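Computed from the coordinates by the stated procedures, all read-outs in this text should not be read as laboratory data. On a predicted model such as this, the values are computed, not experimentally measured, just so you know. Neighbour counts are summed over all protein chains in view; Cβ atoms, including those assigned to glycine, are modelled from backbone coordinates with ideal geometry.
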Amino acid sequence: MSVQVTVEEVGVEVVLPLRSAVLRGGGPAGMPGDDDPATVHLAAREPDGRVVGVARLSPAACPWRDARSPWQLRGMATEPAVRGAGTGRVLLEACLATVAGRGGDLLWCDARTTAAGFYERFGLTVVAGPYDKPGIGPHVGMLTAVPLEAQEASPTP
Ligand SMILES: CC(C)(COP(=O)(O)OP(=O)(O)OC[C@H]1O[C@@H](n2cnc3c(N)ncnc32)[C@H](O)[C@@H]1OP(=O)(O)O)[C@@H](O)C(=O)NCCC(=O)NCCS
C-alpha cells in the first residue's frame with residue numbers, strides 16, 4: 001500500500017468542503033452536533049497538506065445494540081481521485097483508534113449500501129435495514145465492537 005496520508009483531529013471547517021463535495025453534491029454539509037465539544041472531526045491529509053479524506057465521530061446511543069460507550073461514525077468520505085489507494089482504510093483505522101482512545105466500546109453508522117462492503121472489510125457487520133434516507137438513498141445499519149488495542153494507533157489530538 002503506497003498511500004502516504006496522515007490523519008489528524010481538525011476543526012469542522014476543515015472537513016466541510018470535502019463532506020459537501022462527496023456527500024451533499026456541493027450543498028450545505030453541516031450536521032447537528034458538529035460543534036459539540038465531544039464531537040471529533042478527522043481529516044486525512046496528503047504530504048502537501050491537501051485534505052483527501054474526512055470523517056466525524058460523536059458519542060451517541062446505538063439504535064440496535066446496547067453498549068457502555070457507543071460512538072457514531074458520520075460524514076465519511078474520500079476524494080474521488082484517491083479512492084482505492086488506502087485512504088479510506090487509514091481513516092477508518094484512525095476512527096477506531098480514536099473511539100478506543102476515548103474509552104468507546106462500540107462504533108456504529110448508517111452506511112450507504114454502496115459503502116457497506118468497505119465497512120465490512122474492517123469488521124463492521126450489517127445489523128439493520130436496508131432503509132431509505134430521504135434525498136440520499138438506501139442505507140444499512142452497521143456496527144462493530146471496538147477493541148482496546150485499537151487505542152495504540154490513536155492520532156495525535
Ligand atoms: C467508501 C469510501 C470512503 C472508501 O474510501 P477509499 O479511499 O476508496 O478506501 P480504500 O482505498 O482505503 O479501500 C480499502 C479497501 O476497501 C475496498 N473498498 C473501497 N470502497 C469499497 C466499496 N464501496 N465496497 C466494497 N469495497 C470497497 C477497497 O477496494 C480496498 O480493498 P483492499 O484492501 O482489498 O485493497 C469512498 O469510496 C467514498 O468516499 N465513497 C463515497 C462516499 C460514501 O459513500 N461514504 C460513506 C457514506 S456511509
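Go through region 37-42 residue by residue and turn each phi into a ³J(HN,Hα) via Karplus (6.51, -1.76, 1.60, θ = phi - 60°); whole Hz please, and just put x for glycine and proline.
x, 7, 6, 10, 9, 10
Multiplying the sequence separation of Val127 and Arg83 by 0.36 nm and subtracting their Cα-Cα distance, what value in nm do you get?
Length gained between Val127 and Arg83: 13.2 nm.
How much mean residue ellipticity at 222 nm does the chain get from its helices, if each DSSP H run of length 4 or more adds -39500 (n - 2.57) and you divide by all residues, to the nearest 500 deg cm²/dmol?
-6000 deg cm²/dmol
Which of these, Gly135, Gly84, Gly103, has the largest mean-square fluctuation under a Gaussian network model of the chain (Cα springs below 10 Å)?
Checking each option, the largest mean-square fluctuation is seen for Gly135.
I'd like the distance between the alpha-carbon centres of region 1-57 and region 111-140, rounded to an integer number of Å.
Going from one Cα centre to the other spans 20 Å.
Tell me, what is the FRET efficiency for Gln4 and Glu93 to the nearest 0.05, using R0 = 22 angstrom and their Cβ-Cβ distance as r?
0.90
Mind checking which of Pro147, Cys95, Gly84 is farthest towards the positive end of the chain's charge dipole, using Cβ charges of +1 (Lys, Arg) and -1 (Asp, Glu) about the Cα centre?
It is Gly84, whose Cα lies furthest towards the positive end.
What distance in nm separates the simple spin-label points at Ala67 and Leu148, each placed 7 Å from Cα in the Cβ direction?
Output for this residue pair reads 1.7 nm.
Using the 2.2 N^0.38 Å rule of thumb for compact globular proteins, work out how the chain stacks up: its C-alpha Rg over that value, please.
Rounded to two decimals, the normalised Rg is 0.96.
What ranking do 114-122, 56-64 get when scored by the average of other Cβ atoms within 10 Å per residue, highest first?
56-64, 114-122
About its Cα centre, how strong a charge dipole does region 6-153 have in debye, to the nearest 20, once Lys and Arg get +1 and Asp and Glu get -1 at the Cβ?
Roughly 380 debye, rounded to the nearest 20.
Taking 8 Å as the Cα distance limit and 6 or more residues as the minimum spacing, I'd like the relative contact order of region 29-157 as a percentage.
21 percent
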